[in-house]
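What follows is a set of notes on a single structure, which appears directly below.
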Amino acid sequence: MAVLVLVFSPLRGLLQRCWGRLERGLLPGFSESQSPPWVPALAVQAPAFLPESGRDIRESNESPSLLDSILWMAAPKKRRTIEVNRCRRRNPNKLIKVKTNIDVCPECGNLKQKHVLCGYCYAKVKAETRLIRMEIGKKEGRPFNTPTVETVILYDGEKPTKKDEGKRIIERARKRPSWFVQN
Amino acid sequence: SGSTWVRGLLSCMRPERWLASGSLLPLSCIHTSTSLQKLGKWEKKNRIVYPPQLPGEPRRPAEIYHCRRDIKYSHEKMWYLAKLIQGMSIDQALAQLEFNDKKGAKVIKEVLLEAQELAVRNHNVEFKSNLHIAASIAGKGHYVKRIRYHGKGMFGIMKISRCHYFVKLVEGPPPPPEPPRTGFDQAKEYVQQLRSRTLVNTL
């Protein structure tokens, strides 16, 4: 958790300067000749729309200055007690839900989610595929050298059949894995 | 007699004899052992030995205490995983943790497997599946403060949090979960409370 130190210093400096100017009555809109609007020098029944009041209305119609927007920022009023914090953090909707979609893989016996492939079986197939691809790489020699024919992978003691006439043959020096069915 | 006493003392001063007996040498107290500096309370709980049970008593289930210290994870986040596991059987707990994506899930899974291994090897547990999690607690570890650099030359102080994880495995199937408190139970308790009031200043 990070705590920002002196994060509002440029804004705080601006605030201090603005307040200083207000104290001294130097803000634009209140020149020395005119008294500020919260101290009526003379209460006179006058028409609502005055040339000076027009300037005030125009100023009030402008977007609120940076000073106003700082004063209306949301801030916590009180420290949240640990009891309130605990009620929020330990609410049942924030606790981790128990998963009911875990099964046992019929092939290897490891756990798997119902809608996802078994991790162990996938890793096993991935490893064998990697070795086959290395063999293919050795046969091709350089990149972009793939022939435009099908590929057949043969394991120990297997001969290419009549169907595999024009296909490229990749040899793997091991027994055929049980899950890799030969056509 | 004085000379024999001195000779006895000198013979005792041979360090090989002291090392053989296994006691600490006050003069050369170099801790050359590789054991942990200080065993925490949880680790010592495995050492309690009960007196032998009487023939008529029901069998006391085996209890295995295991923990891991200074895990690089927040104890508030670890608490959620510890709460998930409370009261489950060890197989169910391992299944839930395997498919949880949190960092602490992997750590807790390792701790549970270690504890299961210890149970079978050292604590005379017959079946490794016959264990359930009686207590699973996450505690705060040592924190370290570091500087985190922000823009414009600002800085913040961040704390690197660590946590401990404690687990107690007990032999046997997990206890059935408590039935949730119904309105009928609450009403019954209220009536009971009313009935147990005593009348003051009466006969």
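A short reminder: the numbers here are calculations on the coordinates, not readings from a lab. These numbers come from a predicted model, not from an experiment. FYI the Cβ positions are ideal-geometry reconstructions off the backbone, even for glycines, and counts take in every protein chain you see.
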Counting other chain Cβ atoms within 10 Å of each Cβ in A:113-122 and taking the mean gives 1
Between A:Glu135 and A:Glu107, Cβ-based FRET efficiency (R0 30 Å, step 0.05) works out to 0.75
Residue span B:Phe99 to B:Glu178: 0.36 nm per residue of separation minus Cα-Cα distance leaves a gain in nm of 25.8 nm
For the table B:Lys109/B:Lys140; A:Lys114/A:Lys159; A:Lys77/B:Lys83; B:Lys45/B:Lys128; B:Lys102/B:Lys140; B:Lys44/B:Lys72, the rows whose alpha-carbon distance is greater than 28 Å are A:Lys114/A:Lys159; A:Lys77/B:Lys83
With the 8 Å Cα cutoff and a minimum separation of six or more residues, region A:111-171 has a relative contact order in percent of 28 percent
Ranked on Cβ counts within 10 Å of their own Cβ, fewest leading, B:Tyr65, B:Tyr50 go B:Tyr50, B:Tyr65
Partner shielding of A:96-108, as the mean number of partner chain Cβ atoms within 10 Å, equals 2
The exposure ranking of B:Met158, A:Met134, fewest beta-carbon neighbours within 10 Å first, is A:Met134, B:Met158
Listed with the fewest Cβ neighbours within 10 Å leading, A:Ser178, B:Ser161 appear as A:Ser178, B:Ser161
